[in-house]
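Structure first, commentary second.
The values are calculated or read from the model by the stated rules, or taken from the named source; none is laboratory data. Since we're looking at a predicted model, the values are computed, not measured. Methodologically, a virtual Cβ is constructed for each residue, glycine included, from the backbone with ideal geometry; neighbour enumeration extends over all protein chains shown. Surface accessibility is based on the protein's heavy atoms, side chains included, excluding ligands, DNA and RNA. Shrake-Rupley method; radii C 1.70, N 1.55, O 1.52, S 1.80 Å.
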Amino acid sequence: MPSKKNILIINGSPRPRGNISRLLECMKDEADKAGCRVTYVRISALHIKPCTGCMQCRKDGRCRLPHDDSVEVLKAINECDVMVIGSPCYWGNIPGELKILFDRIVYGLMRTNGKGLPEPLQKGKQAVFISTCSTPFPFNILFKQSRGTIRALKEIFRWSGFRVVATFEKGGTKQHDVSEKDLARCRKIIGRLCR
Ligand SMILES: Cc1cc2nc3c(=O)[nH]c(=O)nc-3n(C[C@H](O)[C@H](O)[C@H](O)COP(=O)(O)O)c2cc1C
């Protein structure tokens with residue numbers, strides 16, 4: 001029997017009962033039901049110092065700053081098959097806390113090889129991105145609001161070697177919170193990947 005997938009879900013929203021949290025929690029429940037191994041991380045519960053830009057990690061393959069939660073998250077990334085990132089749109093981008101995490105673990109995501117070329121370190125893994133924003137559809141796409149958040153995540157994950165297999169964007173959250181239909185779509189996305 002093929003072994004069950006290891007799913008890592010990272011919640012980039014500070015709101016425990018916000019839209020991203022609702023979408024991700026229903027994805028977690030679905031993955032649990034399918035028998036997957038699920039790790040769920042709330043970014044706002046972590047303590048991670050920002051990158052100082054020393055670039056030593058590119059040589060050493062580790063960060064010189066004192067050990068913090070970024071190391072544990074990287075460990076979980078190394079062990080996962082599928083990574084799900086839920087990110088609200090902040091200024092057409094990802095929230096600062098999420099960016100700080102990815103800045104701090106760059107050494108575990110990609111490196112530069114002897115010829116000076118970028119080399120992804122997470123090849124063969126799948127990624128799913130979920131984003132919400134208050135700008136209503138279709139302006140969330142046309143004006144790169146939730147679409148800007150997805151683009152920012154793609155930039156990080158493309159260089160890391162992940163294959164982005166699904167994205168879900170929800171605009172207009174000021175008028176409407178996520179609906180049953182939105183939850184069902186996210187359930188379907190994760191259900192397919194857990195098979
Ligand atoms: C600091 C901050 C910046 C934001 N920037 C944008 C933005 O650029 N475009 C937009 O459409 N919504 C923006 N929003 C609104 C959020 O994306 C929106 O409320 C989202 O649904 C929050 O997700 P959550 O309920 O999961 O926390 C911003 C919200 C905050 C708090």
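Worth a mention:
- Looking across the range 145-164, the residues that are free of Cβ contacts under 8 Å to residues at least 40 places away in the same chain and of a type in the set (A, V, I, L, M) come down to Ile150, Val164.
- Residues in the range 120-145 that are farther than 25 Å from Asp81 by Cα and touching a helix residue (DSSP H, G or I) at 6+ places or on another chain (Cβ under 6 Å): Cys133, Asn140, Ile141.
- Lone qualifier among Ser21, Ser13 - being under 18 Å from Ile150 (Cα atoms) and not in a helix (DSSP H, G or I): Ser13
- Boolean, Cys89 is at pLDDT 95 or above and under 15 Å from the mean Cα position of the chain (by Cα): yes
- Verdict on Lys99 being basic (Lys, Arg), under 22 Å from Asp68 (Cβ atoms) and open to solvent by 40 Å² or more (accessible area, probe 1.4 Å): yes
- Which numbered condition Lys123 misses (of (1) within 16 Å of the ligand (Cβ to nearest atom); (2) part of a loop (DSSP other than H, G, I, E, B); (3) not aromatic (Phe, Trp, Tyr)): (1)
- Looking across the range 129-166 at every residue that is of a type in the set (A, V, I, L, M, F, W, C) and away from the ligand (no atom under 16 Å from the Cβ), the one that is surrounded by the most Cβ atoms within 10 Å (Cβ to Cβ) is identified as Phe162.
- Complete set of residues in the range 87-123 that are closer than 17 Å to Lys154 by Cβ and of a type in the set (Gly, Ala, Ser): Ser87, Gly92
- Considering residues of the range 109-120 that are without any contact (Cβ under 8 Å) to a residue 40 or more places away in the chain and not in a strand (DSSP E or B) only, the residue farthest from the ligand (Cβ to nearest atom): Gly114
- Residues satisfying the stated conditions in the range 70-96, i.e. in contact (Cβ under 8 Å) with a residue 60 or more places away in the chain, open to solvent by 10 Å² or more (accessible area, probe 1.4 Å) and away from the ligand (no atom under 16 Å from the Cβ): Ala76, Glu79, Asp81
- Qualifying residue in the range 32-54 (condition: assigned to a helix (DSSP H, G or I), more than 16 Å from the ligand (Cβ to nearest atom), free of Cβ contacts under 8 Å to residues at least 60 places away in the same chain and within 19 Å of Val165 (Cα to Cα)): no
- Test: Thr173 is modelled with pLDDT of 95 or more, crowded, with 21+ Cβ neighbours inside 10 Å, near the ligand (Cβ under 10 Å from one of its atoms) and within 23 Å of Arg15 (Cβ to Cβ): no
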